[in-house]
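Reviewing the structure listed below.
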Amino acid sequence: MFVWQEIFGVNPAVVTIVGMAKNVGKTVTLNYMQKVLHNEGRIFGLTSIGRDGETFDVLTNMAKPLIVVQSGTILATTEKVITDTGAWEYLQDTDFLTPLGKVIILRAKSLNKVVLAGPSKNREVKELLRYLAAWGAQSILIDGAFDRQSSADPLVSNQVILACGATVSRDLTELIFLTQSRVEQLTLPECSSFYRHLSEKSQAKVVIVKAGVVREASRSTSLLRPSEWSELLGRGCDAVIIKGAVGDGLAQALLWQSRAPLIIVQDGSKIFVTAALWRQLQARRIQFMAVQTICLLGVTINPTYPGGKGFDAEVLLQEMGRALSPLPVIDIMREAKF
């Protein structure tokens, strides 16, 4: 089995595991990383954004790998999913309510299987992490919601593992293309202190900067149509600071600009531009930066496709590894790393 430093080269902190689609191996990754931390004698916490760990997928009705909790793990989940109360040491209640009841904090007495169900709001997850740390968790693993990039918000976790696989695309070239685009979006470089200060000072969703003049746009959302973005951008500006999600509407408007501005987002998890449009933006050298950066530790791959043909595992590892280098790419099932 790998050791954590051998895989990622840094110590674990608060780590969110995010999947690009269903059945990409997110739960397998979560279970493996738990075993790595347990084998190293680390005390760690475990929780989820939303619900995971069911026997069958609620959308596809396909069998799912169960979340296996290591002995001594400090767990945050809801009271209604705990059936064998004797397997857990009760630690405390919380004030967080979910459709599956109140979130409680437990310690696993032995190796066990569990359904994880945590808060869905990032601010509640952040507060929950403080409880886990207070009970002795030196690092924390978060099971991020399926295809929910906001799980990677650096306000919640400071490290991210991205899981991808054949269910994202059964065409190897396209899978690499889609994964590269997601990696680029998540790992945007940090903006200058000037733009960070403007972002922190303003309450507006959109701030336009042109020739040193700052203008706040009166918009209630950042998800605007291309024509609305074009109106805001006008005949050109130097930078646009955006608080909120960024989608294809902005991307299309930027491609219409003869001289596109620098785009500042809060962090890379707010980018929801499709891979094809993202590539066009990159080809035009339209620059995106972030107020807060995301530490992407690595990418795990799942070459299998449920009920159909997937990829040759070694071919996928080598091709994805070369495409994403120097970012670590790991095949969990084979314990192989590029």
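No lab work stands behind these numbers, since they all come straight from the coordinates. A quick note: this is a predicted structure, and the numbers were derived from the prediction, not measured. Please note: Cβ atoms are built from the backbone with ideal geometry, for glycine as well, and neighbour counts cover all protein chains shown.
Annotations for the structure displayed:
- Total lysine pairs under 13 Å (Cα atoms) in segment 189-338, excluding pairs fewer than 8 apart on one chain: 4
- Share antiparallel - DSSP beta bridges, the chain, percent rounded to 5: 50
- Each residue of segment 246-255 was assigned a 3J(HN,Hα) from its phi angle through the Karplus expression (A = 6.51, B = -1.76, C = 1.60, θ = phi - 60°), giving 10, x, 5, x, 5, 4, 5, 5, 5, 5 Hz with x at Gly and Pro.
- Using only side-chain charges placed at the Cβ, +1 for Lys and Arg and -1 for Asp and Glu, the dipole size of the chain relative to its Cα centre rounds to 720 debye.
- Over every Cα atom in segment 119-273, the radius of gyration and the widest Cα-Cα span, Dmax, amount to 17.8, 55 Å.
- Given charges at beta-carbon only (K, R positive; D, E negative), |dipole| of segment 139-234 in Debye: 340
- Per-residue ³J(HN,Hα) for segment 201-213, Karplus 6.51 cos²θ - 1.76 cosθ + 1.60, θ = phi - 60°, Hz, x for Gly and Pro: 7, 9, 9, 6, 6, 9, 10, 9, 10, 9, 6, x, 8
- Sum of side-chain charges, residue 131 neighbourhood, beta-carbon under 12 Å (Lys, Arg +1; Asp, Glu -1): -2
- Computed about its Cα centre, the charge dipole of segment 185-281 is approximately 140 debye, with only Lys, Arg, Asp and Glu carrying charge at their Cβ.
- Taken over the alpha carbons of segment 209-280 as equal point scatterers, the Debye sum produces base-10 log I(q)/I(0) values at 0.15, 0.28 Å⁻¹ of -0.45, -1.64.
- Across segment 288-295, rounded Karplus estimates of 3J(HN,Hα) from the backbone phi angles (6.51 cos²θ - 1.76 cosθ + 1.60, θ = phi - 60°) give 10, 9, 10, 5, 10, 8, 10, 8 Hz, Gly and Pro being marked x.
- Most simply put, segment 225-338 has about 25% antiparallel DSSP beta bridges, counting only bridges with both residues inside it.
- Think of the chain as having a plus end and a minus end, set by charges on the Cβ of Lys, Arg, Asp and Glu; of 234, 77, 293, 234 sits farthest toward the positive end of this dipole.
- With R₀ fixed at 51 Å, the C-beta to C-beta distance from residue 89 to residue 200 puts the FRET efficiency at about 0.75.
- Among 110, 66, 100 the positive-end extreme of the charge dipole of segment 61-120 (Cβ point charges): 66
- Over the Cα atoms of segment 274-329, the radius of gyration divided by the Kirkwood radius equals 1.08; this is the Rg/Rh ratio.
- Simple spin-label estimate for residue 135 and residue 235 in nanometres, 7 Å along Cα-Cβ: 6.2
- Straight-line cross-link partners of residue 109 among the lysines, defined as a Cα under 16 Å from its Cα and at least 8 positions apart when in the same chain: 35.
- Ranking 193, 177, 217 by Cα position along the charge dipole of the chain, where only Lys, Arg, Asp and Glu carry charges on their C-beta atoms, puts 217 farthest toward the positive end.
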